[in-house]
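Student: Here's a structure for you.
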Amino acid sequence: MTADPQSGPLLSVRDLRTFFSDRQGVIARLLRRKSGEVRAVDGVSFDVVRGETLGLVGESGSGKSTLARTVMGLVPATGGSASLDGRELVGLRRREWRPLRRRIQMIFQDPASSLSPRFRVSFLLREPYVINKVPPDQQASVDELLDMVGLSAEQANKYPHELSGGQARRVSIARALALHPEVLFADEPTAGLDVSAAASILNLMRDLRDRLGLTYVLITHDLNVVGYFADRIAVMYVGQLVEIGLGDRILAHPRHPYTQALLACAPVPDPHLNEGHLDNVLGGEIPSPHDPPSGCRFHPRCKYADPRCTDEVPRLEDLGEGEMVACHHWRRLDLTPQPPVEATAAAAAVAQTTL
Ligand SMILES: Nc1ncnc2c1ncn2[C@@H]1O[C@H](COP(=O)(O)OP(=O)(O)OP(=O)(O)O)[C@@H](O)[C@H]1O
Ligand code: SF4
Ligand SMILES: [Mg+2]
């Protein structure tokens, strides 16, 4: 199944905000450290149409998991809206979520947090049916679920610690798909896996998407992963989207300087070229969402920043056809030739694979 833009958004997120209160400990208070709120997600809007895969990328701490957990109702939104097929999700009570859980599911970033070590795989795969009170005639068998994700029936008796990383991921996927959801948030589904296990998980996810007509929001650090099967890419920085557009266009011709830097650091196929580390390419770390920079949040690390960038927040400008960018100077930069990705990565010359 392919994306159907004519059908309208299946998932719609508008100005979504998730702030955590930053209660300081006694020592921090004695040292008069500033307290306040952590703006983990700060005004994010996007749509996902049925059958589409949206890749959500950004450095560690940019708010990707919090965004997913907020849409899923696992952490309360501070404001804004998220709707599934027109049904508002923000502010729903637990029992109101029950019928919707069957339609939207999540593969968690850390498989250990969704696979309790105390239970065998067979129990873990049946658990969603028990929690969601699914009648027996609507339940798939454990063998069917294992088969769907390419695992043999023998795995049913194992405990999570007896599984390889790839097998544990497959069990997490089977668990998330047990309720036949339409939308699946996949949070770093290949993190911690070696190259071949990661490739086979991606192939499985792609196959399941096509077979079951799934709609994915795929969260990852790895631009090669989104390049592999995302239709569109959304780039997040300190709780906000800075660019969104068609995957092919963004990978070939990124407009926002942050997206350009992410691409410059992406691992390259040539083993003689070391991928760069973002800190080395941009200088410094991602700012804290507790105290984000003024104006454009990217300005302390942006080589194109000027006084306007420090004072004025760039709005996410709609360029049409689903393309948006939040940079005062994107038009000018668009005309500036960018160095090829390989050259930039080689110049950084730091053998570090994570962003
Ligand atoms: N429960 C919480 N309380 C306070 N701050 C939080 C909480 N959860 C997340 N944060 C903060 O919100 C910000 C975004 O975190 P989040 O886990 O969403 O980022 P991420 O993009 O998923 O990062 P990673 O790629 O490392 O998984 C971080 O600064 C994090 O420390
Ligand atoms: S608005 Fe300014 S600081 Fe922000 S990305 Fe654009 S040029 Fe850089
Ligand atoms: Mg995360």
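The values are calculated or read from the model by the stated rules, or taken from the named source; none is laboratory data. This is a predicted model, so every value here is computed, not measured. No Cβ is skipped: glycine too gets one built from the backbone with ideal geometry, and neighbour counts run over all protein chains shown. Just the protein is used for accessible areas: all its heavy atoms, side chains included, with ligands, DNA and RNA removed. Shrake-Rupley method; radii C 1.70, N 1.55, O 1.52, S 1.80 Å.
Student: By what distance, in whole Å, do the Cα atoms of the range 132-231 stretch along each of the three principal axes, largest value first?
Tutor: Principal axes ranked by extent give 41, 30, 20 Å for the Cα atoms.
Student: Given a 1.4 Å probe and the protein chains all in place, what does the accessible area of LEU92 round to, in Å² to the nearest 10?
Tutor: It works out to around 40 Å².
Student: At 1.4 Å probe size, with the rest of the protein present, what percent of the exposed accessible area of the range 74-118 is carbon and sulfur atoms?
Tutor: On the way: 1260 of 2630 Å².
Here it works out to 48 percent.
Student: Okay, moving on. Quick one: Debye curve from the C-alpha atoms of the range 34-84, no solvent, what's log10 I(q)/I(0) at q = 0.14, 0.19 Å⁻¹?
Tutor: -0.41, -0.73
Student: For the range 52-129, what is the accessible area per residue in Å² when the probe is 1.4 Å?
Tutor: Ligands and nucleic acids excluded, the figure is 44 Å² per residue.
Student: Another one. Could you check how much of the accessible area of the range 196-268 is carbon and sulfur, as a whole percent, using a 1.4 Å probe?
Tutor: Carbon and sulfur: 52 percent of the exposed surface of the range 196-268.
Student: Arrange the peptides 120-129, 134-143, 203-212 so that the one whose residues have, on average, the most other Cβ atoms within 10 Å appears first.
Tutor: 120-129, 203-212, 134-143
Student: Starting with the highest mean, order 95-102, 15-22, 255-262 by the number of other Cβ atoms within 10 Å, averaged over the residues of each peptide. Provide the component values of the computation, followed by the final result.
Tutor: Numbers: 95-102: 13.6, 15-22: 17.1, 255-262: 24.2.
The packing order, highest mean first, is 255-262, 15-22, 95-102.
Student: So between GLU154 and SER196, what do we pick up on full extension, going 0.36 nm a residue minus the alpha carbon distance?
Tutor: 12.9 nm
Student: In whole Hz, what ³J(HN,Hα) sequence does the range 140-155 give by Karplus (6.51, -1.76, 1.60; θ = phi - 60°), x for Gly and Pro?
Tutor: 7, 6, 4, 4, 5, 5, 5, 5, 4, 9, x, 10, 7, 4, 4, 5
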